[in-house]
1. Being surrounded by 16 or more Cβ atoms within 10 Å (Cβ to Cβ) and either assigned to a loop (DSSP other than H, G, I, E, B) or outside the structural domain of Ser107 (by TED's automatic domain parsing) (or both) is the filter here, so list the residues in region 127-151 that pass it.
2. Identify, by number, the condition in (1) modelled with pLDDT under 80; (2) among the acidic types (Asp, Glu); (3) in the same structural domain as His79 (by TED's automatic domain parsing) that Glu183 doesn't meet.
3. Please give the strands (runs of 3 or more DSSP E) falling wholly within region 1-117 in which 1 or more residues are modelled with pLDDT of 80 or more and among the small types (Gly, Ala, Ser).
4. For region 37-79: of the residues being surrounded by fewer than 18 Cβ atoms within 10 Å (Cβ to Cβ) and of a type in the set (Phe, Trp, Tyr), which is farthest from the chain's Cα centre (by Cα)?
5. Which condition from (1) surrounded by 16 or more Cβ atoms within 10 Å (Cβ to Cβ); (2) at pLDDT 80 or above; (3) farther than 17 Å from Ser58 by Cβ is the one that Ala120 breaks?
Amino acid sequence: MAILSFFTPEEIIMNLRRVNKEALVLCKRVYETKVVQLEKITLKSVKFFERANEIKISKESLKFFNVFKDEFFEEILSHYSNVRTLTINLNFLFDEVRKEKIIEKISSFSLKRNIHTFQAEDVPSLEQRSLDHLTRINFLRNIQNLKLPRNNLGNQGVIYLFGCENLRHIRKIDLSSNNIDMEGA
């Protein structure tokens, strides 16, 4: 109390405001999860990741679909209102059948309005059938940005994407490093 007597009430209030602002910034840094791997979300941790901006699905995420039913993934997509990006990275998953199954399973869901960007990277076997699954009406209906880097789409994949009626609403498409020659460009 003796120390506080050296300060005016206005100075005390200003210092408390400054400390509270700094504490708020620190709390946001600690508790604001930017990117979360899908396999880290469980029934116990589902509340902790509510502020995630991006959900990443990788080969390790296949366990998630084995443990939980599809309704849990659907609930996560609808409940996590801060998620803006859904990323699939199947690098080092060499089983083509499992890649097809994960693409088919994920494309069966409908992405909510808050998810603006869908990114599928390092899915080297992204063939016509996988593109058909991804470009279904419900899955990419609300997407504004479609990023498909490093997928070996080739000229036929690029022609398919730009000719697809279900993708007319997309504002930005990233097709970098996809083995495209002058004909596909």
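1. Glu127, Thr135, Phe139, Leu140, Ile143, Leu148, Arg150, Asn151
2. (3)
3. Fully inside region 1-117 and qualifying: 54-58.
4. Only one residue fits best here, namely Phe68.
5. Failed condition: (3).
Yes/no per residue for (1) closer than 20 Å to Asn166 by Cβ; (2) not hydrophobic (A, V, I, L, M, F, W, C):
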site: Phe73; (1), (2): no, no
site: Ile76; (1), (2): no, no
site: Leu86; (1), (2): yes, no
site: Asn89; (1), (2): no, yes
site: Glu96; (1), (2): no, yes
site: Ile106; (1), (2): yes, no
site: Lys112; (1), (2): yes, yes
site: Thr117; (1), (2): yes, yes
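The values are calculated or read from the model by the stated rules, or taken from the named source; none is laboratory data. This is a predicted model, so every value here is computed, not measured. For neighbour counting, all protein chains shown are included, and Cβ atoms are generated from backbone atoms with ideal geometry for every residue, glycine included.
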